[in-house]
Amino acid sequence: MKSKNITKWPEKAANRAMLRALGYSNEDFNKFQVGIASTWSNITPCNNHINILSKAVEFGVNKFCKSTIFNTITISDGISNGNLGMKFSLLSREIISSSIETVCNAQNFDAIISIGGCDKNIPGCILSMCRLNIPSIFIYGGTILPGKNRTDIVSVFESLGKYFSKKINEKELLEIEKNSIIGSGSCSGMYTANSMAIVAEVLGISLPNSSIQNAQSVNKILNCINSGKLIFNLLKNNIKPKDIINISSIKNAIKVISFLGGSTNCILHILSFIECLNINFSLHDIKNLTNNLPTISDLKPSGNFFISDLINSGGIQKFLKFLIEIDIIDGNTITITGNTLKENLKLVKTNYINKLLKCLNNPIKKTNQIKILFGNLSKNGCIAKISGKEGEIFLGKSKVFNSEEESVEFIYKNKIFPKTIIIIRFEGVKGGPGMREMLTPTSALIGVGIKKNIALITDGRFSGGSHGFVVGHVSPEAYEKGEISLLNDNDIIMIDSINNNIVFFINKKKINFRKHNFKNYSKISYGILNLYRKISLDSSIGAGFNYN
């Protein structure tokens, strides 16, 4: 028991005296000490209910161990999107993981249960578990229900484009704003939070059937209470994250999220887990693993249904069992229950019928929506999300912007010609710094009604709510003098999602001239953003802190 460093009698009497002031009894000093990391905050509806969930976890844990609740930070991706606040979003993943690691080590906890809601909470919590490598459970805060007329946060972003193109008036925009987000929980489509919750469950680090649950539900409370017995069993059997998260469970998670058309951010976060755990699996390997997988999900943003619809139709348990039975994912990976993924699903009926998740032989799209591309425009690789509704290959001319703000202003105020490829650069991990999400420009393109004839390429990221012909995570980024920094207006570019290529057509003489005349358009950074610029890793390996 690591916690004996603060509870052993009589050597640790001074430490125990501090704990007695917090209500410890004599019996509590002999129990396993379990930290409960809460991301509760009134900053966002994704997290404003997590204080209730943390108390339910406390109740469950205290039946078997002694728990202590502490807080870490969250930021709101929805509120920070489209402004400078988004520069701090990906950075918050690292702060969350580092703060949980710091508190757990300082407090000598024997185990940790982390509860997260908004996008960066989930990978932040999991990264801390990987580094701590003590018995751990992640609990997802759950999804929000759709708003009036089946609207959500993306509906509001896209309505802005309709408003500026005079397709709706101010009163209609205000009506959408007022009624799209009601209650608590994470954004309601197959966006980043829900995608990462599924990743956590398939990895085996969260409770079975917990990723697809409404935030404000009895089942979510029961999950929290039941985590107490589970963490006690993990402690008794000394099962730790490195026993659970390995190359097999990583592959399982990537495959499942690919089938479901999940967020491109999942790839970035999984790459950060791989880097943290020193697993030998690269962006090239992810490309080879996912390239021929179909997309079977009719979930938003590119589909018609919300996560709450998927809950009502039975969730993903039958689908996971089906994938195990046909040997597409490995059912022998260990999970936090102490059982394998296959054993967790043994009571689930095998008849796989779901109107939201199509048959593999009759998919929504025969190839994967998430495409890993390489080429002379992105030698280290980039990540595209291409539904197929806009085609598989895009050949067009570039229109270059050196910040998100420049692009959005242009989209709202100017006519954009068909076959234009919008380039938004100096938005990468170091160039931003912070690698902002481009939800505002992609939503603007959809709102003004030109999505089908336009593509977008950036060294920034995309929100899980973005859709269209979009390519992000371009590496090397513009700040590092990557080829995206060499582009001018009207350069010819081809995005080929069939052959996983992204190329620009400029002769070597012009390339050398442009390299010689490189100009850095990135903004001056300060404070913690400047630290992130200095110590961040490339997006092709997860964009985390470089701890070496």
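Annotations for the structure displayed:
- Any chance Asn42 is without any contact (Cβ under 8 Å) to a residue 12 or more places away in the chain, assigned to a loop (DSSP other than H, G, I, E, B) and either open to solvent by 20 Å² or more (accessible area, probe 1.4 Å) or of a type in the set (A, V, I, L, M, F, W, C) (or both): yes
- Residues of segment 362-392 satisfying the condition of being small (Gly, Ala, Ser) and open to solvent by 10 Å² or more (accessible area, probe 1.4 Å): Gly375, Ser387, Gly388, Gly391
- Any hit, segment 56-72, residues being modelled with pLDDT of 95 or more, within 30 Å of Gly431 (Cα to Cα), in a loop (DSSP other than H, G, I, E, B) and within 19 Å of the chain's Cα centre (by Cα): yes
- Matching residues, segment 1-32, being open to solvent by less than 30 Å² (accessible area, probe 1.4 Å), under 20 Å from Ile113 (Cβ atoms) and out of contact with any Leu (no Cβ under 9 Å at 6 or more places or on another chain): Ser3, Leu19, Tyr24
- In segment 497-533, the residues that are open to solvent by less than 30 Å² (accessible area, probe 1.4 Å), farther than 22 Å from Leu271 by Cβ and among the polar types (S, T, N, Q): Ser522, Ser525
- All of (1) touching an Asp or Glu at 6+ places or on another chain (Cβ under 9 Å); (2) over 30 Å from Thr7 (Cα atoms); (3) assigned to a helix (DSSP H, G or I) hold for Leu91 with one exception: (1).
- In segment 114-210, counting only helices (runs of 4 or more DSSP H) that sit wholly within it, the ones holding 2 or more residues that are open to solvent by less than 10 Å² (accessible area, probe 1.4 Å) and in contact with a strand residue (DSSP E or B) (Cβ under 6 Å, 6 or more places away or on another chain) span 121-132, 192-203.
- Qualifying residue in segment 286-293 (condition: in a helix (DSSP H, G or I), open to solvent by less than 30 Å² (accessible area, probe 1.4 Å) and basic (Lys, Arg)): no
- Lys63, sole failed condition from (1) farther than 24 Å from Pro135 by Cα; (2) open to solvent by 50 Å² or more (accessible area, probe 1.4 Å): (1)
- Every listed requirement among (1) modelled with pLDDT of 90 or more; (2) farther than 23 Å from Phe469 by Cα is met by Ser313 save one, (1).
- Sole exception among (1) open to solvent by less than 50 Å² (accessible area, probe 1.4 Å); (2) modelled with pLDDT of 90 or more; (3) out of contact with any helix residue (DSSP H, G or I) (no Cβ under 9 Å at 6 or more places or on another chain) for Leu395, by number: (1)
- Any hit, segment 449-470, residues being at positive phi and open to solvent by less than 10 Å² (accessible area, probe 1.4 Å): yes
- Subset of segment 157-199 (residues that are closer than 15 Å to His467 by Cβ and of a type in the set (A, V, I, L, M)): Met190
- Scanning segment 430-441 for residues that are farther than 17 Å from Lys413 by Cβ and either hydroxyl-bearing (Ser, Thr, Tyr) or open to solvent by 10 Å² or more (accessible area, probe 1.4 Å) (or both) yields a count of 1.
- Count of segment 216-267 residues which are touching a Lys or Arg at 6+ places or on another chain (Cβ under 7 Å) and crowded, with 24+ Cβ neighbours inside 10 Å: 2
- Residues in segment 273-325 that are closer than 18 Å to Asn361 by Cβ and among the aromatic types (Phe, Trp, Tyr): Phe319, Phe322.
- Residue, most open to solvent (accessible area, probe 1.4 Å), within segment 534-548, restricted to residues that are assigned to a helix (DSSP H, G or I) and out of contact with any Gly (no Cβ under 6 Å at 6 or more places or on another chain): Lys534
The values are calculated or read from the model by the stated rules, or taken from the named source; none is laboratory data. Note that the structure is a prediction, hence the values are computed from the model and not measured. Cβ coordinates were reconstructed from backbone atoms using ideal geometry, including for glycine residues, and neighbour counts include every protein chain displayed. The accessibility values were calculated without ligands, DNA or RNA, using every heavy atom of the protein model including side chains. Shrake-Rupley method; radii C 1.70, N 1.55, O 1.52, S 1.80 Å.
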